[in-house]
1. Could you sort the peptides 57-64, 158-165 by per-residue average Cβ neighbour count (10 Å cutoff), highest mean leading?
2. Under 11 Å from a point placed 7 Å out from the Cα of T167 along the Cα-to-Cβ direction: which residues of the stretch 52-67 have their backbone N that close?
3. For the stretch 148-156, just list the computed ³J(HN,Hα) in residue order, Karplus coefficients 6.51, -1.76 and 1.60, θ = phi - 60°, integers in Hz, with x standing in for Gly and Pro.
4. Between L36 and L16, what FRET efficiency follows from the Cβ-Cβ distance if R0 is 30 Å, with the result rounded to 0.05?
5. For L66 and W7, calculate 0.36 nm times their separation in residues minus their Cα-Cα distance, and state this gained length in nm to one decimal.
6. Each residue of the stretch 128-138 in turn: what ³J(HN,Hα) in whole Hz from Karplus with 6.51, -1.76, 1.60 and θ = phi - 60°, glycine and Pro shown as x?
7. Could you sort 19-28, 116-125 so that the peptide with the highest average Cβ count within 10 Å comes first and the rest follow in order?
8. Whole angstrom only: what separates the Cα centroid of the stretch 11-30 from the Cα centroid of the stretch 40-87?
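No value in this document is a laboratory result; all are computed from the given coordinates. These figures come from a predicted structure and were not determined experimentally. All Cβ positions, even for glycine, are placed from backbone atoms using ideal geometry, and neighbour counts span all protein chains on display.
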Amino acid sequence: MNPLRVWWRALHPATLAMGWRELVLGSLGLGLGVWLTGWLSRLTLGDLNPWFIAPMGASAILLFLLPTGPMGRPWSILGGNLVSALIGVSCAQWLGNGIEVAALAGTMAALAMRALRCLHPPGGAVALTAVLGGPAIQQLGYGFAIWPVGVNSTFMMLVALLFHQATGRRPNRLQASEALASRTPKPMNSAPIAPMPAADRRRWRPNCRARRAPPKISALR
């Protein structure tokens, strides 16, 4: 096979096991979640700038389209975004706002999320936003982790949970059913064994002659 064709096929991702119903519901929930999160955050934070951050769009994809994945769980979005925000603000205050600092913040955020079992890819974007977000975010200091990151993440998580409950797409039940299906052994489709030819049976026929039992010694009277 052509090596270029093999390399090109390796770039294609695996097919996602998602039906049209799940795709449509998840997409509608994504739009509803972003709109409600932005509206509630604006009501809560008022004129605070910024009142909504862009990484929430990536979090919405995981929460609404991949709710059974480990990166779309409630602890993942809350823990991942908050930890990444704290690390990003710390790097910005101690080391400055250069691109090398942003790279360091993203690396440390990934390690921290993995250690705390809250790996959430948008958390990397939150860490970079804390470093490269400009004066409006730098003025917030560590408050950036509470608002808008904490407020946005909480509202997004609550909207996702209510949406899944209303549409019958419960992540815990789906995850349990998928885990049970993966553990159920599948039947083996074994081909029938062909009978051994007569010549081979005569050649490999074991010695079936019964051994003679030793004679019984009668007790002397």
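1. Details: 57-64: 22.8, 158-165: 18.0.
Averaged packing, sorted descending, gives the order 57-64, 158-165.
2. In the stretch 52-67, the label zone of T167 (backbone N under 11 Å from the point 7 Å along Cα→Cβ) covers 63-67.
3. Those phi angles translate into x, 5, x, 5, 4, 5, 5, 5, 5 Hz.
4. Numbers: r = 26 Å, r/R0 = 0.86.
Efficiency at R0 = 30 Å is approximately 0.70.
5. Working: separation 59, 0.36 × 59 = 21.24 nm, distance 2.77 nm.
Net length gain for the segment: 18.5 nm.
6. Working through the residues one at a time gives 5, 5, 5, 8, 9, x, x, x, 4, 7, 5 Hz.
7. Numbers: 19-28: 12.9, 116-125: 21.6.
Answer by packing, highest mean first, reads 116-125, 19-28.
8. Rounded to whole Å, the Cα centres lie 20 Å apart.
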